[in-house]
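Student: Take a look at this one; I'll ask things after.
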Amino acid sequence: MSSERRVTSIASVADWPAAERRRVEFVLTDIDDTLTLRGRLPALAYASLERLAEAGFKVIPITGRPAGWCDHIARMWPVEGVVGENGAFWFRHDPTAGRLVRRFLVDDATRRANRSRLDGLADRILAEVLGCALASDQLYREADLAIDFCEDVRPLSDTDVARIVDLFEAAGCTTKVSSIHVNGWFGDYDKLTMTRLLLREVFGVDLDGALDRFVFVGDSPNDQPMFAHFPNSIGVANLRRFFGALSTPPRWLTEQEGGQGFAEVAQLLLAARNPGDTAIRLPAS
């Protein structure tokens, strides 16, 4: 039996000291089941993004979702940029130039070669793990392979999910399990690697030298590297269902799930700067 300590409880985000909240300038957030709620982006979550941007916070989604989605997010959402496909790239709409800037970690030729290898691996996984499927957004991906185990298919067992992970790893892929997909790619980058690049290249900020200026919000075990790195790390309430698989928890936990939990975080940040700010109407607990 493993001696690794598992999480049983996390302190409420309501206990986050105001002095620490006032130092935050960058809000990094996952999307699926962190900004979304039961698969949809609630108006409250989007309004929270907008209010944070209006107040001067730099909001950056950090997601496993595909390049096609990230193009839209970078152009249309009130965000400073987006890191996508688990760290394969950052996209940002440059307001001065009026165009989208796309920064991939590897060159076009390498991505094409990796895509061919991933296509072959997809065929093997689909053949060996019955009931899984290519993620519905796979067509819009540039650098990784996403296998759906519960978004648009009947939920698979933990054993089947573990088998998908094993097949990725046997092929030499870096692999992460989100709340809906198993993602795999060739290369040793991750969300944190590309987040560092974005902050240095666009904002001239050394992430590791200014951690008190950041907060990260997530929802699942694949966010653990980010939870571990950021002192201001927060899980939305639906993270509770992963406590048994969680060894590196966030510092704080919201009362509400998904996008409603993200709105709690936004309200706390806004109130720290302006105690009278009640622009975000939170749902009753």
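Student: Gain in length, D206 to A127, computed as 0.36 nm per residue apart minus the alpha-carbon separation, to one decimal in nm? All intermediate terms of the calculation are to be shown ahead of the outcome.
Tutor: Working: separation 79, 0.36 × 79 = 28.44 nm, distance 4.46 nm.
Net length gain for the segment: 24.0 nm.
Student: Follow-up question, since we're still on this one. Place +1 on the Cβ of every Lys and Arg and -1 on the Cβ of every Asp and Glu in the stretch 101-201, take the dipole about the Cα centre, and give the residue among T175, L118, G187 whose Cα lies farthest towards its positive end.
Tutor: Result: G187, furthest along the dipole toward the positive end.
Student: Still on this structure, please answer the following. What is the set of long-range amide H partners of N86 at a cut-off below 5 Å, with H atoms built 1.01 Å from backbone N?
Tutor: T63, G64, R65
Student: Take the Cα atoms of the stretch 147-285, find their three principal axes, and give me the spread along each one in whole Å, biggest first.
Tutor: Result, largest extent first: 53, 40, 25 Å.
Student: Counting every Cα pair in the stretch 23-158, what percent are over 24 Å apart?
Tutor: On the way: 3508 of 9180 pairs.
Value for the stretch 23-158 (Cα pairs over 24 Å): 38 percent.
Student: Search the structure for amide H atoms under 5 Å from the amide H of T36, placed 1.01 Å from N in the peptide plane, and list their residues when 5 or more places away or on another chain.
Tutor: HN-HN under 5 Å from T36: G259.
Student: Just by accessible area at a 1.4 angstrom probe, what is the order of H229, H181, H72 from largest to smallest?
Tutor: I get H72, H229, H181, largest accessible area first.
Student: Here's another thing I want to ask about it. With viscosity set to 1.002 mPa s and temperature to 20 °C, compute the Stokes-Einstein D of the stretch 137-225, Rh being the Kirkwood radius across alpha carbon pairs; µm²/s, no decimals.
Tutor: After rounding, the answer is 143 µm²/s.
Student: Dividing the Cα radius of gyration by the Kirkwood radius, what Rg/Rh value follows for the stretch 33-73?
Tutor: 0.98
Student: When DSSP assigns beta bridges and you keep just the ones with both residues in the chain, what percent turn out antiparallel, to the nearest 5?
Tutor: Taking every DSSP beta bridge with both residues in the chain, the antiparallel ones total about 55 percent.
Student: Under unit Cβ charges (Lys, Arg +1; Asp, Glu -1), what dipole magnitude, rounded to 20 debye, does the stretch 1-129 have relative to its Cα centre?
Tutor: 120
Student: Given a 1.4 Å probe and heavy atoms of the protein chains only, how would you sort S233, S116, largest accessible area at the top?
Tutor: Listed by decreasing accessible area, they come as S116, S233.
Student: Starting from the residue with the highest accessible area, list S136, S12, S220, S157 in decreasing order, probe 1.4 Å. Mind dumping the intermediate values first?
Tutor: Details: S136 75, S12 30, S220 0, S157 55 Å².
Of S136, S12, S220, S157, the descending order of accessible area is S136, S157, S12, S220.
Student: Using only the Cα atoms of the chain, what do you get for the radius of gyration and for Dmax, in Å?
Tutor: 18.6, 57
Student: Placing +1 at every Lys and Arg Cβ and -1 at every Asp and Glu Cβ, with all other atoms neutral, what dipole size does the stretch 128-285 have around its Cα centre, in debye to the nearest 20?
Tutor: My answer is approximately 500 debye.
Student: Taking the Cα atoms of the stretch 190-238 alone, what are Rg (to one decimal) and Dmax (as a whole number) in Å?
Tutor: Over the stretch 190-238's Cα set, Rg and Dmax evaluate to 11.1, 34 Å.
Student: Related question: Would you kindly find the accessible area of E50, with a 1.4 Å probe and non-protein molecules such as ligands, DNA and RNA excluded, rounding to the nearest 10 Å²?
Tutor: Roll a 1.4 Å probe over it and E50 shows about 80 Å².
Student: Then there's this: Between D107 and D15, 0.36 nm times their residue separation minus their Cα-Cα distance comes to what?
Tutor: 28.6 nm
Student: While we're looking at this one, here's another question. If you roll a 1.4 Å probe over the heavy atoms of the protein chains, what accessible area per residue do you get for the chain, in Å²?
Tutor: With all protein chains present, the chain gives 44 Å² per residue.
Student: With only Lys, Arg, Asp and Glu charged, each at its Cβ (+1 for the first two, -1 for the last two), find how big the charge dipole of the chain is about the Cα centre; round to the nearest 20 debye.
Tutor: Dipole magnitude for the chain comes out near 480 debye.
Student: Order these peptides, 253-262, 55-64, by their mean beta-carbon neighbour count within 10 angstrom, highest first.
Tutor: Those peptides, ordered most packed to least, come out 253-262, 55-64.
Student: Could I ask something else about it? Per the 1.4 Å probe, what fraction of the accessible area of the stretch 104-213, in percent, lies on carbon and sulfur atoms?
Tutor: 49
The values are calculated or read from the model by the stated rules, or taken from the named source; none is laboratory data. For clarity, every value in this text was computed on a predicted model and none was experimentally measured. Neighbour counts are summed over all protein chains in view; Cβ atoms, including those assigned to glycine, are modelled from backbone coordinates with ideal geometry. Note: accessible area is taken over every heavy atom of the protein model, side chains too, but ligands, DNA and RNA are not part of it. Shrake-Rupley method; radii C 1.70, N 1.55, O 1.52, S 1.80 Å.
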